[in-house]
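Below: one structure, written as structure tokens.
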Amino acid sequence: MTTVVWFKRDLRTRDHAPLSAAAELGEPVIPLYVVEPEYWQLPDTSARQWQFIEESLADLRRQLRRIGSDLLVMAGPVPEALARLHAAHGIERIFCHQETGGQWTFERDKTVIGWSQNQGIEFREWQQFGVVRRLQDRDLWDDAWSQLMRQETPLAPERLETPADLASLATYLSPPAVADASACPDRQAGGSQRGEKLLTSFLERRCVGYQYNISSPVSAVRACSRLSPHIAYGTVSLREIYQGAKATGQHPSSLPRKKRSLTSFRSRLHWHCHFIQKLEDEPELEFRAMHQDLEGLKSGPGDSERLQRWQEGQTGWPLVDACMRSLHHTGWINFRMRAMLMAVASYQLWLHWRDPALHLARQFTDFEPGIHYPQAQMQSGLTGINAVRIYNPVLQSQKLDPDGEFIRRWLPELQGLPVDFIHTPWLMTPAQKERYGGNTYISPVCDHEQAARVARKAVGEFRKQHVSQAETDRVLHRHGSRKGTVQQRPKTPSKPGPDSSQMSLFD
């Protein structure tokens, strides 16, 4: 009889509990990945995500071949792939990791579990990182997270017995058609080998000054760990990263500055799971406001021209446009700038959160639904338990890109502008534009300061009229961060907990 190890967002062999458990049985194991065409038509998927996965699958295959196995890649609905395997090899067990994805993958998992039960096949899932399925009490979450992070990480199996005819069962022939096929020339490449090299370079050198350098889009490219896509698709385990950061930071040879940087980094790994737990506990957050009383704040997507200009990096606000164009080209931008992009769309442009959230999801190589949707709502003021944070795109530009280095790189039409005008090119006179250039750069979509005032007033008035304390308490009890005892938790939106930090996403 055969055990299938179904790979999803866990494309590695180290610290892989389902694979280790299957190997210990001493029976044939089929490592399986299924390319699901229907999934790749969802509005939050893109070619850059698939390409990272495809490279990671190639690396996973190399890892498996080193232990005498191979990776079977099939295409189509997962139950159909499993049925074909069952007919050929008689599946006794299906082992896999739990996945916190969107509604589509949630429904797919339920279908696979139902199929397994109907066939009399054992279906067993393991917790991959600090997200707890069927969590009964948020007060218990932090201890559960810490316990999991301290557990020993299993090495890759030394040997796997695998049926010899896997190649004849493969049905994956070509990349799936994707919802967004736009090119991403400087996308990060996938695979465990690349992820482990990034981890090593970060722990050895790049981490120093982490907490100070991750906000600016200029310094963040190097200061951030850049492990986010590897965590999103599981090419390196979160636990291995956490334990490596802790061991390095606590090593006697580590200087105080390095220790502080790695302590800050480990806290972001904690926040990573904290946010994914929100979607695990309430999957509806993919589609509706976390604070249900705020669902009616905006009735629709709003101005389509404004949405298009924001999507194309043509708002007329240099830092906003540079961030969007950089994201298109690289598939990554640091979290502070992600938050600004979402907040500008929600407040100054007054767009419904869903369309901007979907656009950003498609641009992110490291798209992680459990982080993305709760964060998109938080930056749009829809949680009811966090302070409303409206970014001023000019002040952010002056603070985080003071010399205009990032702006000039991604907005070539502004390359000749002096520092005095790089953040506000619309203030130049025609003579100054003639002298320095910038004539081809688009005018701002609106007065950002006036738009921010209008938005803040509208949000405040809506919350006064429509937000109930009962719903606020429900959100806080279900999703709020825990610090200290239950009695110490904030009881009103006026006292937000650590969730209110604009830096709470791991990157």
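Derivation of every value follows stated rules applied to the coordinates shown; laboratory data play no part. Not measured: the values here are computed from a predicted model. Note that we place each Cβ from the backbone using ideal geometry, even for glycine, and neighbour counts take in every protein chain shown.
Residues in the range 225-235 include at least one that is of a type in the set (F, W, Y) and closer than 23 Å to I276 by Cα. For the subset of the range 222-252 comprising residues that are in a helix (DSSP H, G or I) and free of Cβ contacts under 8 Å to residues at least 40 places away in the same chain, which member is farthest from I371 (Cα to Cα)? Only one residue fits best here, namely Q250.
The residues on offer are S192, S182, S219, and the sole one that is closer than 25 Å to R325 by Cβ, crowded, with 16+ Cβ neighbours inside 10 Å and among the small types (G, A, S) is S219. The residues of the range 100-150 that are surrounded by fewer than 16 Cβ atoms within 10 Å (Cβ to Cβ), of a type in the set (S, T, N, Q) and within 24 Å of the chain's Cα centre (by Cα), listed by number, are Q103, Q127, S146, Q147.
Out of everything in the range 57-80 that is of a type in the set (D, E) and in a helix (DSSP H, G or I), what residue ends up being surrounded by the fewest Cβ atoms within 10 Å (Cβ to Cβ)? Among those residues, the one meeting the criterion is E80.
Every condition in (1) surrounded by fewer than 18 Cβ atoms within 10 Å (Cβ to Cβ); (2) closer than 18 Å to T365 by Cβ holds for E295 except the one numbered (2). Within the range 149-161, is there a residue that is assigned to a helix (DSSP H, G or I) and over 29 Å from R62 (Cβ atoms)? Yes; the residues of the range 149-161 include at least one that is assigned to a helix (DSSP H, G or I) and over 29 Å from R62 (Cβ atoms).
Pairing each residue of the range 78-97 that is at positive phi with any residue that is not in a helix (DSSP H, G or I), provided the two are 6+ apart or on different chains, yields C-beta distances under 7 Å for G90/M1; G90/T2.
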